[in-house]
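**Student:** This is the structure I want to talk about, given as structure tokens.
The values are calculated or read from the model by the stated rules, or taken from the named source; none is laboratory data. What you see is a predicted model, and the numbers here were worked out from it, not measured in a lab. With ideal geometry, Cβ positions are generated from the backbone for all residues, glycine too; neighbour counts draw on all protein chains shown.
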Amino acid sequence: MTRDITRTSRTPSLAAEAFSLIELIAVISIAGILAITATPVFSSITGVRRDVAARHLLRDLSFARQHGVATGSVTWVVFESPERWSVLVEDPANPGRAGAGALADVVTNLPMSVQVGRGEYSGVAIESVEFDAGSEVGFDYLGRPLTGDGVFLVEQGAVTLTGGRAVFVEPVTGLAWVELP
């Protein structure tokens, strides 16, 4: 008994290697839906960064006030440019804003200085600083806010970030707050 073995070619046909029109349309449709869905997420990232920067500024203002009360040394938050603020403390041996030096963060032991406009705060800028027409605020041993001239803050101070998000400092009490959604 002999068997008839027929050899068939194992080379696939061109039709088996290509995508059908229906498959291409399905993939393009899914990609389009994903792109439409992801666009609002990416556009809201700047808003999230702005809100985080506002909370960071609020933390630094509150910390400066608390530090002034706890140590009796005037503690300053200085806005050096549209992209940076720093927390400084006066030297008791050399009082006055001119003698203030960088305050170290209690966690990292690095100078308390924040750079916006890049990295985690990319797309965020400081639009305006208004502390009785000055660009810095200090806090004395009672937590009262001072202008750069060393006089008490008369009107509510504000720092406005990109998109209108503002952090406020109350006169007399020095309490800082931010209005977030």
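**Student:** Can you find even one residue in the stretch 44-63 that is at pLDDT 90 or above, loosely packed, with under 13 Cβ neighbours inside 10 Å and of a type outside the set (Lys, Arg)?
**Tutor:** The answer is no; no qualifying residue exists.
**Student:** So, Val87, is that one β-branched (Val, Ile, Thr) and not in a loop (DSSP other than H, G, I, E, B) or not?
**Tutor:** It is true that Val87 is β-branched (Val, Ile, Thr) and not in a loop (DSSP other than H, G, I, E, B).
**Student:** Being closer than 17 Å to Ser62 by Cβ, in contact with a strand residue (DSSP E or B) (Cβ under 7 Å, 6 or more places away or on another chain) and either surrounded by 13 or more Cβ atoms within 10 Å (Cβ to Cβ) or not aliphatic (A, V, I, L, M) (or both) narrows it down to one of Gly157, Gly143, Gly101, so name that one.
**Tutor:** Exactly one residue qualifies, and that residue is Gly157.
**Student:** Answer yes or no as to whether Val74 is among the β-branched types (Val, Ile, Thr), over 13 Å from Ala54 (Cα atoms) and surrounded by 19 or more Cβ atoms within 10 Å (Cβ to Cβ).
**Tutor:** Against the criterion (among the β-branched types (Val, Ile, Thr), over 13 Å from Ala54 (Cα atoms) and surrounded by 19 or more Cβ atoms within 10 Å (Cβ to Cβ)), Val74 qualifies.
**Student:** Kindly indicate which of Gly123, Gly138 is part of a strand (DSSP E or B) and surrounded by 14 or more Cβ atoms within 10 Å (Cβ to Cβ).
**Tutor:** Gly138
**Student:** Right, next: Can you tell me how many residues in the stretch 146-176 are at pLDDT 95 or above, of a type outside the set (A, V, I, L, M) and in contact with a helix residue (DSSP H, G or I) (Cβ under 8 Å, 6 or more places away or on another chain)?
**Tutor:** Adding up the residues that qualify gives 1.
**Student:** Which residue, of Thr162, Thr173, is under 23 Å from the mean Cα position of the chain (by Cα) and among the polar types (S, T, N, Q)?
**Tutor:** It is Thr162.
**Student:** Of the numbered conditions (1) surrounded by 18 or more Cβ atoms within 10 Å (Cβ to Cβ); (2) free of Cβ contacts under 8 Å to residues at least 24 places away in the same chain, Val129 satisfies every one except a single condition; which is it?
**Tutor:** (2)
**Student:** While we're on this one: Just checking, how many residues over the stretch 91-126 are touching a residue at least 40 places away in the same chain (Cβ under 8 Å) and either among the charged types (D, E, K, R) or out of contact with any Asp or Glu (no Cβ under 9 Å at 6 or more places or on another chain) (or both)?
**Tutor:** Residues in the stretch 91-126 being touching a residue at least 40 places away in the same chain (Cβ under 8 Å) and either among the charged types (D, E, K, R) or out of contact with any Asp or Glu (no Cβ under 9 Å at 6 or more places or on another chain) (or both): 4 in total.
**Student:** It is to be established whether one or more residues within the stretch 78-90 are in contact with a helix residue (DSSP H, G or I) (Cβ under 8 Å, 6 or more places away or on another chain), modelled with pLDDT of 90 or more and aromatic (Phe, Trp, Tyr).
**Tutor:** The answer is yes; a qualifying residue exists.
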